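**Student:** Here you go, one structure.
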Amino acid sequence: MTREIDCPALFDFVAKRRKETGGYGATPKLPATIADTFQALAILTLIEPHSPDCREDRALAAFLEQRLASPWPGIDTSFRLFAAARLCGLALPEEGRVNAYLEQILGRDKSLAATSYAVRIRKEIYGTIPVFSDRSRELPEIWAVQEVFSWLYLRKMAGEDGAGAREQMVDWLKRSQNGDGGFGFFPGTTSFIENSHAALAALNLLGAKPLDRAGAEAFIVGCQTRRGGFARSPKAAPFLDSSWHGLASLSLLSATRPAALIGSDPALAMMP
């Protein structure tokens, strides 16, 4: 029987990475970053019955507001910045400014990843109808579970049922699961917790389940360390990013998720 995760220990792990000046860092000694702050807030949102409220935490709100007012970083980090602001109930940037930023990014980067993040910002953060490009929805010649998730997400947002590719993708994703229960980048590669998150999110989009659901849960739970946080693999060091991937993965495995995760936001867990 799979042991349950230690939510109090995870909460303490996250709290130790909170900075007095606002935001969260990868370790207690490293400075706060946008990615770590999003991951910390997302973890707390899944653990706690109510989302964190930056309006009651002025240092955290100031950290995010300062970065919202500054030139925005890469599109993946910007997505996490906007998502963190939304989790905290902060005012989002004016949509026209965001659209201009996205057009500039996509003008020079037509990759699957960039397009996926642009669509997610428009759809998940602002609730607007995204714009698509057929070229940007093509899988690369060699793909991994993260690319498959992005590809499936874009097809779904474009209203494509993907019936012709569904059986092939479900089979490929299931073959990416290893004997230890975790998922590799693609079939036959080493299991890591971020791959498990992406693969489970992709299977969720397809309305499918992993070949070994109990094994997937056991691998993820086994990545929680004595320090409370999750590691990429059972013998690695814990960080906020792997902790987020672990908790989100357990939320996607909703059939047997720990009691502490009941009522969590399933859409939030779809953010690999």
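The values are calculated or read from the model by the stated rules, or taken from the named source; none is laboratory data. A quick note: this is a predicted structure, and the numbers were derived from the prediction, not measured. All Cβ positions, glycine included, derive from the backbone under ideal geometry; neighbour counts span all protein chains shown.
**Student:** Could you list, in sequence order, all residues of segment 151-176 that are in a helix (DSSP H, G or I), at pLDDT below 90 and of a type outside the set (A, V, I, L, M)? Steps first, please.
**Tutor:** Just the residues of segment 151-176 that are in a helix (DSSP H, G or I), to begin with: 151-157, 163-175.
Filter once more, keeping what is at pLDDT below 90: 151-157, 163-168.
Matches in segment 151-176: 151, 153, 155, 156, 164, 166, 167, 168.
**Student:** Would you please name the residue that is farthest from residue 76 (Cα to Cα), looking only at residues in segment 10-46 that are small (Gly, Ala, Ser) and surrounded by 15 or more Cβ atoms within 10 Å (Cβ to Cβ)?
**Tutor:** From segment 10-46, those small (Gly, Ala, Ser) are 15, 22-23, 25-26, 32, 35, 40, 42; that's our starting set.
Filter once more, so that each one left must be surrounded by 15 or more Cβ atoms within 10 Å (Cβ to Cβ): 22-23, 25-26, 32, 35, 40, 42.
Numbers: 22: 21, 23: 18, 25: 17, 26: 17, 32: 17, 35: 9, 40: 16, 42: 16 Å.
Applying the filter and picking the extreme gives 22.
Here is a yes/no grid of residues against (1) touching a residue at least 24 places away in the same chain (Cβ under 8 Å); (2) more than 17 Å from the chain's Cα centre (by Cα):
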| site | (1), (2) |
| --- | --- |
| 148 | yes, no |
| 154 | yes, no |
| 157 | yes, yes |
| 160 | no, yes |
| 168 | no, yes |
| 193 | yes, no |
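**Student:** Take residue 121 and decide whether it is of a type in the set (A, V, I, L, M) and under 21 Å from the mean Cα position of the chain (by Cα). Walk me through how you get there before you give the answer.
**Tutor:** Values: of a type in the set (A, V, I, L, M): yes; under 21 Å from the mean Cα position of the chain (by Cα): yes.
It is true that residue 121 is of a type in the set (A, V, I, L, M) and under 21 Å from the mean Cα position of the chain (by Cα).
**Student:** Given the options 63, 13, name the one that is modelled with pLDDT of 95 or more, in a helix (DSSP H, G or I), of a type in the set (Phe, Trp, Tyr) and more than 20 Å from the chain's Cα centre (by Cα).
**Tutor:** Numbers: 13 fails: more than 20 Å from the chain's Cα centre (by Cα).
After ruling out the rest, the residue left standing is 63.
**Student:** Taking residue 93 as meeting all but one of (1) modelled with pLDDT of 90 or more; (2) closer than 21 Å to residue 244 by Cα; (3) surrounded by 15 or more Cβ atoms within 10 Å (Cβ to Cβ), write down the number of the exception.
**Tutor:** Of (1) modelled with pLDDT of 90 or more; (2) closer than 21 Å to residue 244 by Cα; (3) surrounded by 15 or more Cβ atoms within 10 Å (Cβ to Cβ), only one is false for residue 93: (2).
**Student:** Now for a separate question. Under 7 Å between Cβ atoms, which residue pairs at least 6 apart in sequence (or on different chains) link something in segment 1-20 that is farther than 18 Å from residue 37 by Cβ with a partner that is among the polar types (S, T, N, Q) and at pLDDT 95 or above?
**Tutor:** Qualifying pairs under 7 Å: 5/224; 6/224.
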